[in-house]
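Read-outs: derived from the displayed coordinates by stated rules, not from any lab. Just so it is clear, the model here is predicted, and its values are computed rather than measured. Reconstructed Cβ throughout: ideal geometry from the backbone, glycine too, with neighbour counts over all protein chains shown.
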Amino acid sequence: MMRKFDRRAKILVLDDEPSICRALSLAFERVGADVRAVVRGEDALALLRTEHFDCLVVDLRVPDVRGDILFELAASLQPHLRAATVFTTGDASEFAQDLIGACGCPLVEKPFDLEELIGVVQRMLSEGGRRRA
């Protein structure tokens, strides 16, 4: 059983697979988070312009916007997200490894274990900064 978040964290999930959005929403809600999950980068950016988020969980490969570009746009709108973003990917390519090295954000590879991903987010938020997965 996963432990609850220390405080009610607001998390934005971006993944182009609706089933992953649903699974992450349910899993994060079970441990006390408030979750908004979207399948398009455009929708994520719209939310980032109007709502505060404590953390982003972003798939690197979304058809309408690459995860690294969304990360930069998100950080320009909400600078604290530069240290509160977790990337997911099913393609741990050299591009993904270079990005992670450059930004220092954790990368959780698909298929991921929900408890592992939740633990990464919980540690990041409780420590107030980045930690590699």
Separation of the HIS52 and ASP64 label points, Cα + 7 Å toward Cβ, nm: 2.7
Around CYS21, under 10 Å between beta carbons, what's the net of Lys plus Arg minus Asp minus Glu among the other residues? -2
With bins of 5 Å, the percent of all Cα-Cα pairs of the chain per bin from 0 is 2, 11, 24, 27, 23, 11, 2, 0
Is any residue of the stretch 25-48 close enough, with backbone N under 15 Å, to a label point placed 7 angstrom from the Cα of LEU77 along the Cα-Cβ axis, and if so, which? 36-48
Label zone at GLU42, where the point sits 7 Å out along the Cα-to-Cβ direction: the stretch 49-89 residues whose backbone N lies under 11 Å: 64-65
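Counting only DSSP beta bridges with both residues in the stretch 10-127, tell me the antiparallel percent, nearest 5.
10
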Under 5 Å from the placed amide H of VAL35, counting only residues 5+ away or on other chains, we find ILE11
Lys and Arg at +1, Asp and Glu at -1: add these up for the other residues within a Cβ distance under 15 Å of GLY41 and post the number. -4
